[in-house]
Amino acid sequence: MMSLQQLAAMIDVSAVRADSNRNDVQKTATLARQQHCVAAFALPAFTAELIELLNGVTDTVVGGVVGFPSGAETTATKMFQAKELTQLGCAEIDMVMNIGQFLSEQFTKVETDIHSVKQTIGSTPLKVILECNYLSPDQIKTASEIAVRAGADWVKTGTGWVAGGTTVEQVQLMKQTVGNAARVKAAGGVSSLDILLKLHNAGAERFGIGYKKAKEILTEYQENPTRN
């Protein structure tokens, strides 16, 4: 049976909506600190403050978002942002694939974009956001393959900004495609413990969740520890 600590060790708690403010970032840090979440994320303008808030916490890393949420920045811009965030102290980077180029079937450009960011951050783990709700199953498979070829350590379902949540089928397809070459993170619509456990059983090992829902899920699990 999974412990509460093991559950928290799969949650990337975040305040990455357009309207996420300083108070939200502070609450994200508090939850991460109290529940020992594996990682915490804020939008770039608040990332330095989040790092400061979690100073001295050894079981939570701070991650940074690159090309968020559209993925449409130039590659040079993404590289600069990734470098800036890692120099600030981010221990992971979640970048958005260039969705428009992918849908235009400019696959070489998409792969180069991802590879360039990975080269910039070196051994720092890179999660590539595919934004699956814009993609067909075949496109999800192709995008996952491109991300792995480009050096992604993780493939991630979405930013959480697009309507519709992550599905079991999306996670299963991504996991089947990447195998052991990368790991799968689910984000967007992970709004309950039941959904999280279903996605975990489908192959997701990390979950990007806003701090409000993350708190509800952890509280629910604490009250019902035999549900997994």
Checklist line | Largest-first ellipsoid semi-axes for segment 54-176, taking √(5λ) over the Cα gyration tensor eigenvalues, angstrom | finding: 23, 17, 13
Check: Ranked from highest to lowest mean number of other Cβ atoms within 10 Å per residue, what is the order of the peptides 185-191, 159-165?
Finding: 185-191, 159-165
Item checked: Helical contribution to [θ] at 222 nm, DSSP H n ≥ 4, -39,500 (n - 2.57), averaged over the chain, rounded to 500 -> -14500 deg cm²/dmol
Notebook entry, point to check: Mean separation of Cα pairs under 8 Å and 6+ residues apart, divided by the residue count of the chain: what relative contact order is that in percent?
Noted result: 18 percent
Item checked: Estimated FRET transfer efficiency (Glu49, Met1; beta-carbon r; R0 41 Å; 0.05) -> 0.65
Next item on the list: With +1 on each Lys and Arg Cβ and -1 on each Asp and Glu Cβ, and nothing else charged, work out how big the dipole of the chain is about its Cα centre, in Debye to the nearest 20.
Entry: 160 debye
Notebook entry, point to check: What FRET efficiency would be calculated for the residue pair Val57, Glu105, taking the C-beta separation as r and a Förster radius of 41 Å, to the nearest 0.05?
Noted result: 0.40
Next item on the list: Given a cut-off of 28 Å, name the pairs among Lys141/Lys212; Lys78/Lys215; Lys27/Lys127 whose C-alpha atoms lie farther apart than that in the structure shown.
Entry: Lys141/Lys212; Lys78/Lys215
Next item on the list: Using a 10 Å cut-off on Cβ atoms, rank the peptides 94-100, 213-219 from the highest mean neighbour count down.
Entry: 94-100, 213-219
Notebook entry, point to check: What's the FRET efficiency of Glu84 with Glu223 using the Cβ-Cβ distance as r and R₀ = 41 Å, to the nearest 0.05?
Noted result: 0.50
Item checked: For segment 156-201 versus segment 59-80, the gap between their alpha-carbon centres in whole angstrom -> 20 Å
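Values quoted throughout were computed directly from the atomic coordinates according to the rules given, and no laboratory measurement underlies them. Keep in mind that this is a model prediction, so the values were computed, not measured. Here Cβ is always computed from backbone atoms with ideal geometry, including for glycine, and neighbour counts include all displayed protein chains.
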